[in-house]
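One structure below.
The values are calculated or read from the model by the stated rules, or taken from the named source; none is laboratory data. What you are looking at is a predicted structure, and each value in this text was computed from that prediction instead of being measured. Please note: Cβ atoms are built from the backbone with ideal geometry, for glycine as well, and neighbour counts cover all protein chains shown. These accessible areas exclude ligands, DNA and RNA; they are computed on the full protein's heavy atoms, side chains included. Shrake-Rupley method; radii C 1.70, N 1.55, O 1.52, S 1.80 Å.
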Amino acid sequence: MNLTHELNTLLFVFVTLNLLIWPFYPAWREWRHPSDAAALTWLPASKLAAIEASNLPSGAVPAWTPRPSMVLARLPNAQPWGMRGSRIEGDCHLPSGSYWPGSLVITGSLFCGAHSVVEGDVKVYGDVHMSPGSALLGAAFASALVLEEEASVQGPVVVDGAVKLGSGASIGSPDTPTSLRAKQLTRSDSAHVHGHVWLPENRAGA
Amino acid sequence: MKRHHRGPWLLLCCLGLWISGAHAQSQALNLRGYTDASGAITVQHLGDTVDPYFALQALGLAQTHGLDISSYALPWARWVEQHYQEAGHIGRYCQSLQHKAPTWRWCKPPDADDSTLALWLQFLHRLPNSVRAQLPIDALQARATQDLRRLHDPDTGLYHVSPHIRYSLFMDNLEVWSAWPSSSFALAIQSKFWDPKLQIYRVSTQAAHPHPGKHFYPDATAQIFPLLVDFPHVPGGAGSHYTRWMQMHRSQWLAQSGREFPWGLIALVAWRQGDMSSVRCWQQRALPHRHSALWTITDEVVAQILPSPPTLMPHPQENCT
């Protein structure tokens, strides 16, 4: 009888503890491995400073073409790469007013003509230079990044060197904030970044 | 004796008549590599995208400059009709393989409803009666007219880009005017886009767009577009406007080939202005890139409209820089 009573007590405690602890399991899992939609904090980040988006002006991402854009079927020296992607040895120049419907891997530098659009992501071993009004609708990984006036990158952006944002240029958008990581950021007063910006301390300037 | 002398002369006369008859027929447009069995016309050579705007622009240029488009007109019209009816809207189409056969499916919305609808109406209007009889022409014209009228802004007298893009573009409105010419519309275009202080045309009615812009595209190209459609209100007249444009932008335009699209439309304007030197320079620079990734169907049609270069080298005294 005592044994039965002890077993019942043990069972009661076990069930009670499970009912109390298990509802907190999703929160514990999220705390250990965050997966929500907000920009993530890189860890460790001992030498980087986080600049919250609230410190930078916000605005809408301009997206317009002055003429019908030319959807490109191919690019010079391009080889198929993955799904709807292309790899280019050397530099790549997207003509003004063109639309590239995929991603790019470029061993040289990428130059996007005025009001050109890249629909996917770009991985560029060299620099990315985006002319006025050009747009990159995905992520950018490059050595350096220059956005002339009204150019935009949806993000995220990871750059080994410097990022320069011209008048009206933008990274991310109010509806889809993103993250930018670079060694240095220079921007016009009217340039916008939406999301997290990670820079070495004291390397942000206008 | 007289019979023997008459024979060669008769032969020569017949030969002369035959030659003159051959020249009287229009040269046929050749779009090999830009079309397929369904009637679709692609933007690039062996391309996988159809944007009706560019095909309509190219066919329109061919028609107005005397090229025979009869091989392509009806299949293309039927192709657009089918896709317009299916979606209720003209879009942009990508090639896909279905049951191992290439098909065209809607993959992107258009980014110029105003121009596309205007060029479509112009194309339908210019079709010969024999082709029009094979299409539900009244229904097609009525539908396109209705859709284009929805883009009209009664406050400005201009046309918006699309139902969702509620501002107006200069080059688009010129194309709409070329399809629907009216003096009031022309005056609206001139008053809304011409900047009398800077003596240039605005590219867009958007206040946020930088004006004046400093770039070849779209800022410089917009300035010569009125000459393409014979817009009547160009200040100073077409000739002086053209001369001024070439003084400012000729070298930049000719340098486009190889890295940018070659802007064959400007070569066409040059030809119509009698500037054969610029035409020859463009041919020398642009034709080596024919059918490449930097060549469009519009450039192809322009290349076929222009007189063939005797050689690809310009005259020794010409300066193509």
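Is there a residue in the stretch B:204-227 that is farther than 24 Å from residue B:254 by Cβ and modelled with pLDDT of 90 or more? Working first, answer last.
First pass over the stretch B:204-227, keeping only residues farther than 24 Å from residue B:254 by Cβ: B:204-211.
Subset that is modelled with pLDDT of 90 or more: B:204-205.
Yes, the stretch B:204-227 contains at least one residue that is farther than 24 Å from residue B:254 by Cβ and modelled with pLDDT of 90 or more.
Just to be sure, is residue B:77 more than 14 Å from chain A (Cβ to nearest Cβ), crowded, with 21+ Cβ neighbours inside 10 Å and over 23 Å from residue B:174 (Cβ atoms)? Please lay out each step first, then the result.
Working: more than 14 Å from chain A (Cβ to nearest Cβ): yes; crowded, with 21+ Cβ neighbours inside 10 Å: yes; over 23 Å from residue B:174 (Cβ atoms): yes.
When the stated conditions are applied, residue B:77 passes them.
Report, ordered by the first and then the second residue, all pairs with beta carbons closer than 9 Å, sequence separation of six or more or different chains, a first member in the stretch B:210-227 that is more than 9 Å from chain A (Cβ to nearest Cβ) and in contact (Cβ under 8 Å) with a residue 40 or more places away in the chain, and a second member that is open to solvent by 30 Å² or more (accessible area, probe 1.4 Å) and assigned to a loop (DSSP other than H, G, I, E, B).
From residues that are more than 9 Å from chain A (Cβ to nearest Cβ) and in contact (Cβ under 8 Å) with a residue 40 or more places away in the chain, the pairs are B:226/B:232; B:226/B:233; B:227/B:273.
Does the stretch A:140-156 contain any residue that is at negative phi, surrounded by fewer than 17 Cβ atoms within 10 Å (Cβ to Cβ) and hydrophobic (A, V, I, L, M, F, W, C)? Walk me through it before giving the result.
To start, the set of residues in the stretch A:140-156 that are at negative phi comprises A:140-149, A:151-154, A:156.
Still in the list and also surrounded by fewer than 17 Cβ atoms within 10 Å (Cβ to Cβ): A:143.
Still in the list and also hydrophobic (A, V, I, L, M, F, W, C): none.
There is no residue in the stretch A:140-156 that is at negative phi, surrounded by fewer than 17 Cβ atoms within 10 Å (Cβ to Cβ) and hydrophobic (A, V, I, L, M, F, W, C).
If you take the residues in the stretch B:86-103 that are within 19 Å of residue B:121 (Cβ to Cβ) and more than 24 Å from the chain's Cα centre (by Cα), which one is farthest from the other protein chains (Cβ to nearest Cβ)?
B:88
Is it true that some residue in the stretch B:267-281 is without any contact (Cβ under 8 Å) to a residue 12 or more places away in the chain, of a type outside the set (A, V, I, L, M) and part of a loop (DSSP other than H, G, I, E, B)?
Yes - at least one qualifying residue is present in the stretch B:267-281.
Exactly one condition in (1) open to solvent by less than 10 Å² (accessible area, probe 1.4 Å); (2) away from chain A (no Cβ under 14 Å) is not met by residue B:83; state its number.
Of the numbered conditions (1) open to solvent by less than 10 Å² (accessible area, probe 1.4 Å); (2) away from chain A (no Cβ under 14 Å), the odd one out for residue B:83 is (1).
If a residue counts only when it is within 14 Å of chain B (Cβ to nearest Cβ), under 13 Å from the mean Cα position of the chain (by Cα) and touching a residue at least 40 places away in the same chain (Cβ under 8 Å), which strands (runs of 3 or more DSSP E) contained entirely in the stretch A:147-206 have at least 2 such residues? Outline the logic, then answer.
On the way: elements: A:157-159, A:162-165, A:178-181, A:184-187, A:195-200.
By residue number, no strands (runs of 3 or more DSSP E) qualify.
Hey, among the residues in the stretch B:228-239 that are of a type in the set (Gly, Ala, Ser) and within 20 Å of residue B:183 (Cα to Cα), which one's nearest to the other protein chains (Cβ to nearest Cβ)? Give the derivation first.
Step one: of the stretch B:228-239, the residues of a type in the set (Gly, Ala, Ser) are B:236-239.
Still in the list and also within 20 Å of residue B:183 (Cα to Cα): B:236-238.
Details: B:236: 24, B:237: 25, B:238: 21 Å.
Residue satisfying both the conditions and the ranking: B:238.
Can you confirm whether the stretch A:91-113 contains a residue that is charged (D, E, K, R) and either in a strand (DSSP E or B) or more than 23 Å from residue A:73 (Cα to Cα) (or both)?
No, the stretch A:91-113 contains no residue that is charged (D, E, K, R) and either in a strand (DSSP E or B) or more than 23 Å from residue A:73 (Cα to Cα) (or both).
Would you point out the residue of the stretch B:127-167, among those that are touching a residue at least 40 places away in the same chain (Cβ under 8 Å) and hydroxyl-bearing (Ser, Thr, Tyr), that is most open to solvent (accessible area, probe 1.4 Å)?
Ranking the qualifying residues of the stretch B:127-167, first place goes to B:156.
Pick from the stretch B:197-246 the residues that are open to solvent by 50 Å² or more (accessible area, probe 1.4 Å) and β-branched (Val, Ile, Thr): which of them is nearest to residue A:169 (Cα to Cα)?
Filtering the stretch B:197-246 for residues that are open to solvent by 50 Å² or more (accessible area, probe 1.4 Å) and β-branched (Val, Ile, Thr), the one nearest to residue A:169 (Cα to Cα) comes out as B:205.
In the stretch B:113-126, which residues are away from chain A (no Cβ under 14 Å) and open to solvent by less than 10 Å² (accessible area, probe 1.4 Å)? Give the steps one after another, and end with the answer.
Pass one, the stretch B:113-126, residues away from chain A (no Cβ under 14 Å): B:121-126.
Those that are away from chain A (no Cβ under 14 Å) and open to solvent by less than 10 Å² (accessible area, probe 1.4 Å): B:123, B:124.
Inside the stretch A:64-90, can you point out the residues that are part of a loop (DSSP other than H, G, I, E, B) and among the basic types (Lys, Arg)?
Step one: of the stretch A:64-90, the residues part of a loop (DSSP other than H, G, I, E, B) are A:64-69, A:72-77, A:81-84, A:89-90.
A:67, A:74, A:84, listed by residue number.
Read through the list (1) over 23 Å from residue B:66 (Cβ atoms); (2) open to solvent by 70 Å² or more (accessible area, probe 1.4 Å); (3) more than 14 Å from chain A (Cβ to nearest Cβ); (4) within 23 Å of the chain's Cα centre (by Cα), then give the number of the only condition that residue B:109 fails.
Unmet for residue B:109, out of (1) over 23 Å from residue B:66 (Cβ atoms); (2) open to solvent by 70 Å² or more (accessible area, probe 1.4 Å); (3) more than 14 Å from chain A (Cβ to nearest Cβ); (4) within 23 Å of the chain's Cα centre (by Cα): (3).
Conditions (1) away from chain A (no Cβ under 14 Å); (2) farther than 29 Å from residue B:66 by Cα, marked per residue:
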| residue | (1), (2) |
| --- | --- |
| B:131 | yes, no |
| B:143 | yes, no |
| B:148 | yes, no |
| B:156 | yes, yes |
| B:159 | yes, yes |
| B:163 | yes, yes |
| B:166 | no, yes |
| B:188 | yes, yes |
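Among the residues of the stretch B:247-261, is any within 21 Å of the chain's Cα centre (by Cα) and open to solvent by less than 10 Å² (accessible area, probe 1.4 Å)?
Taking every residue of the stretch B:247-261 in turn, at least one turns out to be within 21 Å of the chain's Cα centre (by Cα) and open to solvent by less than 10 Å² (accessible area, probe 1.4 Å).
Check B:292, B:278 and return the single one that is open to solvent by 10 Å² or more (accessible area, probe 1.4 Å), closer than 29 Å to residue B:32 by Cα and either out of contact with any Phe, Trp or Tyr (no Cβ under 9 Å at 6 or more places or on another chain) or of a type in the set (Gly, Ala, Ser) (or both).
Working: B:278 fails: open to solvent by 10 Å² or more (accessible area, probe 1.4 Å).
Of B:292, B:278, the one residue that is open to solvent by 10 Å² or more (accessible area, probe 1.4 Å), closer than 29 Å to residue B:32 by Cα and either out of contact with any Phe, Trp or Tyr (no Cβ under 9 Å at 6 or more places or on another chain) or of a type in the set (Gly, Ala, Ser) (or both) is B:292.
When only residues in the stretch A:114-128 that are out of contact with any His (no Cβ under 6 Å at 6 or more places or on another chain), open to solvent by less than 30 Å² (accessible area, probe 1.4 Å) and not in a strand (DSSP E or B) count, which is farthest from the other protein chains (Cβ to nearest Cβ)?
Here is the first cut: in the stretch A:114-128, the residues out of contact with any His (no Cβ under 6 Å at 6 or more places or on another chain) are A:115-128.
Next, from what is left, pick out any that are open to solvent by less than 30 Å² (accessible area, probe 1.4 Å): A:115-118, A:120, A:122, A:124, A:126, A:128.
Subset that is not in a strand (DSSP E or B): A:115-116, A:120, A:126.
On the way: A:115: 7, A:116: 10, A:120: 14, A:126: 17 Å.
Per the criteria, the residue is A:126.
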